[in-house]
């Protein structure tokens, strides 16, 4: 359900060279020319300040960028923001790791044996459409408003994308390789280790990216709903306490964190894995 | 040959042996799940507050509806017809958000994609707006619109718009310049460009974007109803969970997933099949 | 990606394509950098921690008691968030101005509190 946005993952095709050696430029770091990004950000802040200055109750409806900046500095000074940020990230990491650790073997099992996949595919589809958000009230009744609940929702949400990706990855390994290895007398274990897993690695990388994306959304939602301290909780209580600057600060942090995670960790992981292990032209 | 053989052979001819096999195998986990569920109620492994009885969930549908005066009142969204009220609220928000958001998103996306410099300016904005997931907008929406239907509608609209905007923009950008230049060479004006080059060229991205954004939008709608809504399926399961009425929660969850499965299978997937698969724009092995 | 010669990087390997090293992958570099930042953050806490504990409290902790009563002074007036943090480690007794009194804190928790950067100093509570 969460597909790729259609962007090509990969390094910029025209790297600067100097004396025939590749040189790292700011463009490589950011993916777009620096001046472009700076211009966009400056324009946005300008438009934001103008709107904020013209509406009647800015502190409640749209605090100016200055107010948000002051609020952020205040929260960092008081040690609130790093603590919330760290808590959210730890939940994301633990939940993602558990989700991946459960999802990858399950997907492999489904991919290897066609009967098993015929059995489990429809029910997995059903449970995937019951998104983590809808399963949250059930888990709240079971385990109350605790960290365990949020973790359970994160694992539930991140399990399905990776399982389906691994399943399709194993299926797409060309039969020639399987037959070749079988001709040379490989046991089942060797087939899995030497052909299926490496062959499915590109799909595993893509699935990991999707799954961590879903997990990130689930962390924020879970914190809001279950009232556990973190970024999601920060924006929820900010709205409650009428501190709209806190809300906007939280939203910006959520967006920037995901952008950084996606562009510097997940997409390079996918691109580099495909570059090293990819059999199929994408 | 006996009657049973004849019937079995004709069933196989009608549906296909592999399809029957897949259906039978696929329904095993469901049967097992329902069996375990029923066994839980009969043997009492877990207390009924954690896993309700099968019959209780079915009855909850009718209990919620019991004050409803008549069938006509259902469609008039009478206050006491709780379950149908919630279902209709959610679905009407989906329909309204789709009606407004899809054309807006496609329009602005194509607009943004047409001019390459404008798209270089708007792409970072699109990336950023997409990464603030729809759920994170909920508190801000509550500040702006208060708790109610406008918040939920705004959240779903927001989610659909940005996703579709981004997809449409990328789709238009991905159209090869050759087509644009050839149409211009043959004397086409801007409208020819839009309807003959950009729109068809971006169609795979747009249709895939529609399917994705409806999925994300539905989930964001349920979340918005949970946190900042006053009616709807999300609101229903959240408040029922706070009252520990787990049968209603189960009922709501099953309804949510059924609605999505039905929409995806009978509306969105056929949409994809009838447009881009049929026109040969993408090839998907079945 | 980084400055790298297009052909050969070592005399015994003769190839014309860039030799990939796992530690040059962009995602691995990201993880390394983030880990370094987190390590610096915690190292700073460990380094400045003992400096926040006053001499009296140091002496009291060296006696290795089971519990200790302390007075925490953050760099500002403690808010609800900070009170919640304090409550995790001991029983709050009261606040005067910027100082908060906390009773029955374990020595390990005292040191854990001292590593937070928003704390000014931690003192031994007067009396016993």
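Laboratory data are not the source of any read-out in this text; all were calculated from the coordinates shown. Predicted model, so just to flag it, every value in this text is computed and none were measured. All Cβ positions, even for glycine, are placed from backbone atoms using ideal geometry, and neighbour counts span all protein chains on display.
Between residue B:195 and residue B:21, what length in nm is gained on full extension when 0.36 nm per residue of separation is reduced by their alpha carbon distance?
Extending this stretch completely gives an extra 58.1 nm.
What is the packing order of peptides A:226-239, A:68-81, taking the mean over residues of other C-beta atoms within 10 Å and listing the highest first?
Order by mean packing, descending: A:226-239, A:68-81.
Starting with the highest mean, order A:252-260, A:201-209, C:84-92 by the number of other Cβ atoms within 10 Å, averaged over the residues of each peptide.
Numbers: A:252-260: 18.0, A:201-209: 24.3, C:84-92: 15.4.
Ranking the peptides A:252-260, A:201-209, C:84-92 by packing returns A:201-209, A:252-260, C:84-92.
Under 37 °C and 0.692 mPa s, how fast does the range B:204-271 diffuse according to Stokes-Einstein, given a Kirkwood radius computed over C-alpha pairs? Answer in µm²/s, whole number.
256 µm²/s
Please pull out the direction-averaged projected area of chain B, using the convex hull of its alpha-carbon atoms, in nm² to one decimal place. Write out the running numbers ahead of the final one.
Numbers: hull surface 90.3 nm².
Spelled out: convex hull of the Cα atoms, projected over all directions, averaged, 22.6 nm².
With viscosity set to 1.002 mPa s at 20 °C, what whole-number translational diffusion coefficient in µm²/s follows for the range B:1-129 from Stokes-Einstein and a Kirkwood radius over Cα pairs?
It diffuses with D of about 101 µm²/s by this estimate.
To the nearest µm²/s, what D does Stokes-Einstein give for the protein assembly as shown at 10 °C and 1.306 mPa s, using the Kirkwood radius over alpha carbon pairs as Rh?
Diffusion coefficient, whole number: 55 µm²/s.
What base-10 log of the normalised intensity I(q)/I(0) is obtained for the range A:79-277 from the Debye formula, alpha carbons as equal point scatterers, at q = 0.08, 0.10, 0.11 Å⁻¹?
One equal scatterer on each Cα of the range A:79-277 leads to -0.33, -0.49, -0.58.
Report the Rg/Rh value for the range C:53-124, based on alpha-carbon coordinates and the Kirkwood definition of Rh. Don't skip to the answer; put the middle values down first.
On the way: Rg = 11.0 Å, Rh = 11.9 Å.
The Rg/Rh ratio comes out at 0.92.
Taking the Cα centroid of the range A:148-171 and of the range B:38-108, what is the distance between the two, rounded to the nearest whole Å?
27 Å
What FRET efficiency, computed as 1/(1 + (r/R0)^6) with R0 = 45 Å and r the Cβ-Cβ distance, is obtained for residue C:62 and residue C:36, rounded to the nearest 0.05?
FRET efficiency, residue C:62 to residue C:36: 0.85.
Considering only C-alpha atoms, what is the centroid distance from the range C:33-69 to the range B:136-165, in Å?
45 Å
Hey, if you drop one equal point scatterer on each alpha-carbon of the range A:122-184 and run the Debye formula without solvent, what base-10 log of I(q)/I(0) do you get at q = 0.13, 0.14, 0.29 Å⁻¹?
The calculated log intensity ratios at q = 0.13, 0.14, 0.29 Å⁻¹ are -0.51, -0.55, -1.14.
Rank by packing, highest mean first: peptides B:35-42, B:197-204, A:213-220, with packing defined as the count of other Cβ atoms within 10 Å averaged across residues.
In decreasing order of mean packing, B:35-42, B:197-204, A:213-220 become A:213-220, B:197-204, B:35-42.
Bins of 10 Å, beginning at zero and ending with the bin holding the largest distance: percent of Cα pairs per bin for the range B:66-221, please.
Calculated over all Cα pairs of the range B:66-221, the distribution is 11, 31, 27, 17, 9, 4, 1 percent.
Round to the nearest 0.05 the FRET efficiency obtained for residue A:74 and residue A:142 when R0 = 51 Å and r is the Cβ-Cβ distance.
0.85
At 7 Å along Cα-to-Cβ for each site, give me the label-to-label distance between residue C:95 and residue C:76 in nm.
Result for the modelled spin labels: 1.2 nm.
How far is it, in nm, from the label point at residue B:80 to the one at residue A:42 when both lie 7 Å from their Cα along the line to the Cβ?
Each label point is offset 7 Å from its Cα along the Cβ direction, giving 6.6 nm.
When Cβ neighbours within 10 Å are restricted to other protein chains, what is their mean count per residue of peptide B:2-13?
Neighbouring Cβ atoms belonging to other protein chains average 0 per residue here.
Hey, what does the equivalent ellipsoid look like for the range B:3-43, semi-axes from the Cα gyration tensor as sqrt of 5 times each eigenvalue, largest first, whole Å?
Equivalent ellipsoid of the range B:3-43: 31, 12, 5 Å, largest first.
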